[in-house]
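Asker: Structure in structure tokens, see below.
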Amino acid sequence: MIPVAIVGASGYTGLELLKILIKHPEFDITYVATSSGNATVTELHPSLTGLFEAKVEVADAKEIAKHAKLAFLALPHRASMGFAKELLNLGVKVVDLSADYRLELETYEKHYCPHEDIEHLKESVYGLPEMYREEIKKSNLVANPGCYPTAAILGLLPFLDFIDESFPIFIDAKTGVSGAGKKCTENTHYISINENIFAYNPWKHRHEPEIAEKLRLKSGKTFDINFVPHLLPITRGEMIDSYMLLKEEIDPMEVLKEYYKEEEFVRIFENPVDMKSCAGTNFCDIFAKRRDKKLYINSTVDNILRGSSSQAVANANLMCGFEENLAIPTIAYVP
Ligand SMILES: NC(=O)c1ccc[n+]([C@@H]2O[C@H](COP(=O)([O-])OP(=O)(O)OC[C@H]3O[C@@H](n4cnc5c(N)ncnc54)[C@H](OP(=O)(O)O)[C@@H]3O)[C@@H](O)[C@H]2O)c1
């Protein structure tokens, strides 16, 4: 068994990590932490009563290194790089769920804050297995992708050779409230979101440059990405609708099926997808349709699983030489 740490265990992605790792046959949770400690796991998460108990520590990199060989950092950006830097220097592998190691330096500093660990940023691998599986296997630092970028990029990847990049790509996105983390804000307050839907940060959301950068690095082409997210009155789930122009009249379903024929965690649907069918799983579900040279791509993920925690465990599996699918959830929360 490989001893692992979860830092940020009181948050939504932290809880999903606990739920997957409790049942993992090769990872043993040996260290659990938050910013303040002073609790037990079941005090933080009563739903785990009778299943798993441990003391919750105040996060400390040296202590993590004494107890674990790999750490999941389910922390806000900026907090993550403080821990990751020290952990990597102490020989601990890191899967970071924040944005701190996802982007090139210039893009990161433009959209987030000054970077405090440029040395390790250069070595980090973007943790989307369908793009970088072989690199992830060799890496000590995996930057888990953003939730929206996961669903958006997986939808767009098969079409990069066919999209006419002289026209914009419009990405309309919708997420459940857990996407915003556990802290209540005006937008996530029950009265604001109940029986409601609204756009937030149109053309300003930080996942727009992430999608653009990863598509550019993959294709060598610059795509004009226009991203508008919306908040939905549901707990989990994310849907992406992308619209673009093609250079030629391809059969999009054939392209999708061919591109993903070997991929276990991407499912291609003959009809528009829905959020619930992949909620509770690591699947990304995709449908696409063409009219003339216009292409519509429709994809869904569970934001706190494929969009974060189950993808993080799949990455850790690859980093430690296990099968990617070990302990990864596949049965959806339906009905
Ligand atoms: N939610 C999603 O759908 C989603 C999807 C993809 C990626 N992500 C990313 O994953 C990360 C975690 O997201 P989340 O939604 O789980 O957030 P969250 O619910 O707000 O939880 C954040 C966690 O970080 C801990 N924390 C904050 N600052 C800390 C510090 N300095 N030292 C130690 N622990 C600290 C908090 O502990 P305390 O309770 O002690 O404050 C809490 O456990 C974020 O970077 C987020 O952007 C989230």
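Please treat every number below as a calculation from the coordinates, not as lab data. These numbers were taken from a predicted model, which means no experiment stands behind them. As a convention, Cβ positions derive from the backbone with ideal geometry for all residues, glycine included, and neighbour counts pool all protein chains shown.
Asker: How far apart, in nanometres, would the label points at ARG78 and ARG216 be if each is projected 7 angstrom from Cα along the Cα-to-Cβ direction?
Answerer: A separation of 2.5 nm, rounded to one decimal place.
Asker: Here's another thing I want to ask about it. Answer with one residue from LEU217, LEU256, TRP203: the one whose Cα lies farthest towards the positive end of the charge dipole of the chain, charges on Cβ with Lys, Arg +1 and Asp, Glu -1.
Answerer: With unit charges placed on the Cβ atoms, the residue in question is TRP203.
Asker: Using just the helices of the chain, give the 222 nm mean residue ellipticity in deg cm²/dmol: DSSP H runs with n ≥ 4 each add -39,500 (n - 2.57), and the total is spread over all residues, rounded to 500.
Answerer: Helix contribution divided over all residues of the chain: -8000 deg cm²/dmol.
Asker: In addition: If the only charges are +1 at each Lys and Arg Cβ and -1 at each Asp and Glu Cβ, what is the size of the charge dipole of the chain around the Cα centre, to the nearest 20 debye?
Answerer: 380 debye
Asker: Just how far, in whole angstrom, is region 60-80 from region 179-248 if you go by their alpha carbon centroids?
Answerer: Computed from Cα coordinates, the inter-centre distance equals 28 Å.
Asker: Another question about this same structure. Quick check: the distance between the Cα centres of region 266-335 and region 139-175, to the nearest angstrom?
Answerer: First find each Cα centre; the distance between them is then 13 Å.
Asker: Only counting other Cβ atoms within 10 Å, I'd like TYR260, TYR126 sorted with the fewest neighbours first.
Answerer: TYR260, TYR126
Asker: So how far apart, in nm, are the two label points at ASP164 and ILE191 if each is 7 Å from Cα heading toward Cβ?
Answerer: Simple spin-label model gives 4.9 nm for this pair.
Asker: What residues of region 269-308 lie in the reach of a label at ASN325, counting those whose backbone N is under 15 Å from a point 7 Å from the Cα along Cα→Cβ?
Answerer: Within reach of a label on ASN325, which here means backbone N under 15 Å from a point 7 Å along Cα→Cβ, region 269-308 contributes 281-284.
Asker: Let me ask something additional. Of PRO233, LEU48, ALA332, whose Cα points farthest to the positive end of the dipole of the chain (charges on the beta-carbon: +1 Lys, Arg; -1 Asp, Glu; origin at the Cα centre)?
Answerer: Highest projection toward the positive end goes to LEU48.
Asker: Relative contact order for the chain: what percent, with Cα pairs under 8 Å and sequence separation of 6 or more?
Answerer: 17 percent
Asker: Please compute the contact order of region 148-301 in relative form: average sequence separation of alpha-carbon pairs under 8 Å and at least six residues apart, divided by the residue count, as a percent.
Answerer: 31 percent
Asker: Ok, one more. Among ARG236, ARG78, ARG291, which comes first, then next, by fewest other beta-carbon atoms within 10 Å?
Answerer: ARG291, ARG78, ARG236
Asker: Scaled to the compact-protein estimate 2.2 N^0.38 Å, what is the alpha-carbon radius of gyration of the chain, rounded to two decimal places?
Answerer: Here the answer is 0.96, to two decimals.
Asker: Hey, another quick one. Kindly put VAL334, VAL92 in sequence by how many other C-beta atoms sit within 10 Å of each C-beta, fewest to most.
Answerer: Listed from fewest to most nearby Cβ atoms, that is VAL334, VAL92.
Asker: Now, a different point. Between TYR200 and LYS62, what length comes free when the chain is fully extended (0.36 nm per residue of separation minus the Cα-Cα distance, one decimal in nm)?
Answerer: The span from TYR200 to LYS62 would gain 45.8 nm if fully extended.
Asker: So if we plug the beta-carbon distance of ASP172 and GLU262 into 1/(1 + (r/R0)^6) with R0 = 22 Å, what FRET efficiency do we get, rounded to 0.05?
Answerer: 0.15
Asker: Among the lysines in region 246-329, how many pairs, 8 or more places apart or on different chains, have alpha carbons under 20 Å apart?
Answerer: Taking the Cα cut-off of 20 Å, the pair count is 8.
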